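Some notes on the structure that comes next.
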Amino acid sequence: MPQSSIVMSDNPFILDNESAYQQWKKHKLENYPRSLADLIVKVKDPLQLSTDELAAITALLHKTNMVIYDLEQQDVADKAIPEQLGRQLGISSLDKNECADEDGFTSIQVVEEGLHAIYIPYSEKGINWHVDGYYNRLSEQIYSMILHCVRPAAKGGENQLWDNEIVYLLLRDENPDYIQALMAPDAMTIPENILDGKLVRPDRSGPVFMLTEEGRLHMRYTARARNVIWKDDALTQKAQQVLRELLNSNSDYKFEGRLEAGQGLICNNVLHTRLAFQDDKNRPRLLYRGRYFDKICL
Ligand SMILES: [Fe+2]
């Protein structure tokens, strides 16, 4: 039997593997953090993590798929911070998308003109639930992400966060059929993007929940209705509606908080929102975002 089949035969995310799922679930929920404060790791020098810092970061990524680092030195506008943190976690392959800077990181800030100005991240508006790169082709998914805050907004700009594995778990426990529907290869289609009459991206179809080659859970998702066409059958429609309600529900598995100067999020591309904000024009909100094709090796 090839190794991948052995891995998949006890993979908890495959619906047939009920006992593996129950075992995984028990372990997943044991001491699961319930407040954002539990996700924070203080870091002295991001360019050179201590053994303890690296262990704390890795442990949280393992448990919740996300961690917030809190640097001793704040207000430093240096992309070497996310870049080097990523390298220490084994991620370096950046998705140099069209809005990225030359070095592959993206400066998330209010932009009033040009290409960036048409996209919501570069405005003060809120952004609904999504994972990054949901519109990418299946072979170029974003498996990890770093968001480093140089300067927060004068007001607002908080993020809400859901661990994708917890979302899977709650949905599966409600009705495994929802998982089956959302694992279908044609569950969710991201419609083509046409700019100035030119096709920037064709339609992209795929599942919501998928497994990586290593058998890890990965999600493609956006809650923006105009950015997605759901498969036209009753079960998929119901599943996407229940998923949407779950994300918006009050749950202590859902985290919410604001990245302050010198803080950053490292995650396995978990579900997130951004709340609307008000900028101070003299000290505008600035975050550096790195989207990676790599998976963080745990
Ligand atoms: Fe995002």
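For the reader, a short list of remarks on this structure follows.
- Scanning segment 248-278 for residues that are more than 22 Å from Glu165 (Cβ to Cβ) and part of a strand (DSSP E or B) turns up Gln263, Phe277, Gln278.
- Residue check for Asp177: touching a residue at least 40 places away in the same chain (Cβ under 8 Å), under 25 Å from Asn250 (Cα atoms) and away from the ligand (no atom under 16 Å from the Cβ): yes
- Residue in segment 63-80 that is within 22 Å of Asn164 (Cα to Cα) and either small (Gly, Ala, Ser) or without any contact (Cβ under 8 Å) to a residue 60 or more places away in the chain (or both) present: yes
- Residues that are among the β-branched types (Val, Ile, Thr) number at least 1 in the following strands (runs of 3 or more DSSP E) confined to segment 159-215: 188-190, 193-195, 198-201.
- Within the set Tyr135, Tyr122, the sole residue that is modelled with pLDDT under 95, under 27 Å from Ala234 (Cα atoms) and of a type in the set (Phe, Trp, Tyr) turns out to be Tyr135.
- Looking only at residues of segment 135-163 that are more than 13 Å from the ligand (Cβ to nearest atom) and touching a Leu at 6+ places or on another chain (Cβ under 9 Å), we find that the one that is nearest to Leu271 (Cα to Cα) is Asp163.
- Within segment 196-224, the set of residues being under 18 Å from His272 (Cβ atoms) and out of contact with any helix residue (DSSP H, G or I) (no Cβ under 9 Å at 6 or more places or on another chain) comprises Thr222 only.
- Counted residues, segment 100-109 - those being outside any strand (DSSP E or B) and either surrounded by fewer than 16 Cβ atoms within 10 Å (Cβ to Cβ) or hydroxyl-bearing (Ser, Thr, Tyr) (or both): 3
- Leading residue by the ranking (farthest from the ligand (Cβ to nearest atom)) among those in segment 231-280 that are in contact (Cβ under 8 Å) with a residue 60 or more places away in the chain and over 29 Å from Lys295 (Cα atoms): Lys238
- Among the residues making up segment 16-30, those that are surrounded by 12 or more Cβ atoms within 10 Å (Cβ to Cβ) and closer than 15 Å to Val167 by Cα are Tyr21, Trp24, Lys25, Lys28.
- Taking the conditions (1) closer than 21 Å to Gln278 by Cα; (2) aliphatic (A, V, I, L, M); (3) at pLDDT 95 or above in turn, Leu89 satisfies each one other than (1).
- When Lys295, Lys254, Lys231 are screened for being at pLDDT below 95, basic (Lys, Arg) and surrounded by 17 or more Cβ atoms within 10 Å (Cβ to Cβ), only Lys295 passes.
- Sole exception among (1) farther than 30 Å from Asn193 by Cα; (2) crowded, with 18+ Cβ neighbours inside 10 Å; (3) under 18 Å from the mean Cα position of the chain (by Cα) for Leu71, by number: (3)
- Subset of segment 235-269 [out of contact with any strand residue (DSSP E or B) (no Cβ under 6 Å at 6 or more places or on another chain) and among the hydroxyl-bearing types (Ser, Thr, Tyr)]: Ser249, Ser251, Tyr253
The values are calculated or read from the model by the stated rules, or taken from the named source; none is laboratory data. In this text, all values refer to a predicted model and were calculated from it rather than measured experimentally. Reconstructed Cβ throughout: ideal geometry from the backbone, glycine too, with neighbour counts over all protein chains shown.
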